[in-house]
Structures are given as structure tokens and as C-alpha cells.
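Read the structure below first, then the notes.
Where a number appears in this text, it was derived from the coordinates with a stated rule and is not lab data. None of the values given here were measured: they were computed from a predicted structure. Every residue, glycine as well, gets a Cβ built from its backbone with ideal geometry; the counts of neighbours run over all protein chains shown.
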Amino acid sequence: MPLLDVDNIRLHYEDAGTGPALLLLHGWGTSGRVWQSCLPDLVRDHRVVTLDWRGCGRSDHPADGNTIARITADLAEVIETLEIEPTVAGSSIGGVFATELALARPDLVNHVVAVDSPAYWPSTGMLEKVRDLRERLVDDRAGTLGDWVPNWFAPGAARELVDWTVRQLLDSGAYIDELFTECTTYDPRPRLADLKTPITYLHGELDAEIPLDVPRTCAAETPGARVHVLAGCGHLPHQENPRAFTAALREIA
């Protein structure tokens, strides 16, 4: 199992294909496995790295360092170790990490693709929901995830896909819940004008968690940013419609 030692923990990654590099970052609590339906197409002409960021999947689940800044620093070290200059595509909070990485280390990132990224929304439009989730995850983790995760998908998503996502979340460490607390005060908008790396916001048309106004607002604050809406998709378009997602990603990378 390929592992990288970063900040005294082990991070699991997979690396396949040749060509322009892609680094794919999953969302909160899942793992690099969420990209599996996209990989056979992408590795035909890209070098694709998928990573389980700290606290998730097959990586270590440390009690410390579960912050946006520390995970961003992990990503910088991964990129430098693998000697790539990738397009970084991040799903949900993975899009936050990708954006913060480009702000902190523009020399490492060729392009950012923020996939249904929450940006400022947890600290504004869904503040009370995030606080409530933080508490409910302590009291009834399995039940809370079972109630919440179906909302991540557009109507008609396979129940098996929802259940598989819940299982991944239950397998990840509870320490990553600290990210919810941090997100209640997170707002990148004042710094987006300083983003030097090109960014594209890919967003599911039917995302019931993060409304389309969020990427559109962020794009308006970011020089040269683009918004690409994926029709019929919810919060996880790479899982719901991998063909449409990879086609959109290919236009960028």
C-alpha cells in the first residue's frame, strides 16, 4: 500500500498514468476511493494522484492537526515529494484545501478545480446546521450520517451509493469533526482577489447543501474564474455522473 510520511503521520495515496498531473482530493470523511469511476478514463492521458488526507480512509487518523492550514501543508509536502505540478481538484471541503493551497503556494499548483466547494457557506447560510451537526455527531454518529448523507445526492441516486458513502464516513476518524468548528468562521472571499492560480468552480446543478450562488459569488471575487454547472447532479457530481464530470475536467486539465 503506497504511503507517504508527512508530519509524522502516514498518508495513503495512489498514483497511476502518465501525462499532465492531476491531484484529486475527496470531501469530508470519505477517501480517494470516491474517484474510482473517473480513473479509468483520466489515467489514459494524465498522471492521476488520489490521496486520503489525514484522518480519512487508509491514512492515519491523528488526534492533532485536523485543520485547514495543516492539511494544506500536508498537500504541499505531498506535491513536492512526488515532484508534480498538478491541477488540484477538490470535492466539497477538498475544494477549500485546494484553494488555500493555491493561495499559500501558487508555485505548486497549475489550476484549481473547486467541486461543490462550501467556501463561506458554513459560516453564513448553514451556520446553525453545521453547529447542530457537530453536536449530533457526538451523540449519534451513525444515525446522524444516515440522515444527512442522502441529501448530498440528487434525487434518484442509487441507495447503494449513499450507503457506501456512509460506510466510508464511519470508517474515518472522528477527530476530523474539528473541521466543522473551524468552518463556522471560515470565509475566503476577502482573499480571493489575491489568487494567482487559475480556478474553475464545478458545481452540481441540484446541490442541496451548497447553492449555486456560492461558486458564482466566489467567481465574481476571483480574477479570471469560471463556473461550470453540471446538470442533474447534486453535491458529488464525480460520483453521480462520472462521464459528465470527467468531460468537464478534461476541458480544464
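You will find that of Val166, Val229, Val162, the residue that is among the hydrophobic types (A, V, I, L, M, F, W, C) and in contact with a Pro (Cβ under 7 Å, 6 or more places away or on another chain) is Val162 and no other.
Here Pro155 clears all of (1) outside any helix (DSSP H, G or I); (2) buried (at least 20 other Cβ atoms within 10 Å of the Cβ) except the condition numbered (2).
Of everything in segment 196-253, what is of a type in the set (Val, Ile, Thr) and more than 13 Å from Val115 (Cβ to Cβ)? Give them in sequence order.
Matches in segment 196-253: Thr197, Thr217, Thr222.
Inside segment 189-226, residues that are out of contact with any strand residue (DSSP E or B) (no Cβ under 7 Å at 6 or more places or on another chain) and closer than 23 Å to His238 by Cβ make up a count of 10. Of all residues assigned to segment 71-90, at least one qualifies as being touching a helix residue (DSSP H, G or I) at 6+ places or on another chain (Cβ under 8 Å), among the polar types (S, T, N, Q) and part of a strand (DSSP E or B). Residues in segment 1-29 that are at positive phi and either charged (D, E, K, R) or surrounded by 15 or more Cβ atoms within 10 Å (Cβ to Cβ) (or both): Asp7, Gly17, Gly29.
Among the residues of segment 195-204, those identified as closer than 24 Å to Arg243 by Cα and either β-branched (Val, Ile, Thr) or without any contact (Cβ under 8 Å) to a residue 40 or more places away in the chain (or both) are Ile199, Thr200.
State whether one or more residues within segment 86-100 are closer than 17 Å to Phe180 by Cβ, touching a residue at least 24 places away in the same chain (Cβ under 8 Å) and hydroxyl-bearing (Ser, Thr, Tyr). So far as segment 86-100 goes, yes, one or more of its residues are closer than 17 Å to Phe180 by Cβ, touching a residue at least 24 places away in the same chain (Cβ under 8 Å) and hydroxyl-bearing (Ser, Thr, Tyr).
Could you list, in sequence order, the residues of segment 93-139 that are at negative phi, touching a Lys or Arg at 6+ places or on another chain (Cβ under 8 Å) and of a type in the set (Gly, Ala, Ser)? Within segment 93-139, just Ala102 meets the criteria. The lone criterion from (1) of a type outside the set (A, V, I, L, M); (2) free of Cβ contacts under 8 Å to residues at least 40 places away in the same chain; (3) buried (at least 20 other Cβ atoms within 10 Å of the Cβ); (4) under 22 Å from Ala104 (Cα atoms) left unmet by Arg226 is number (3).
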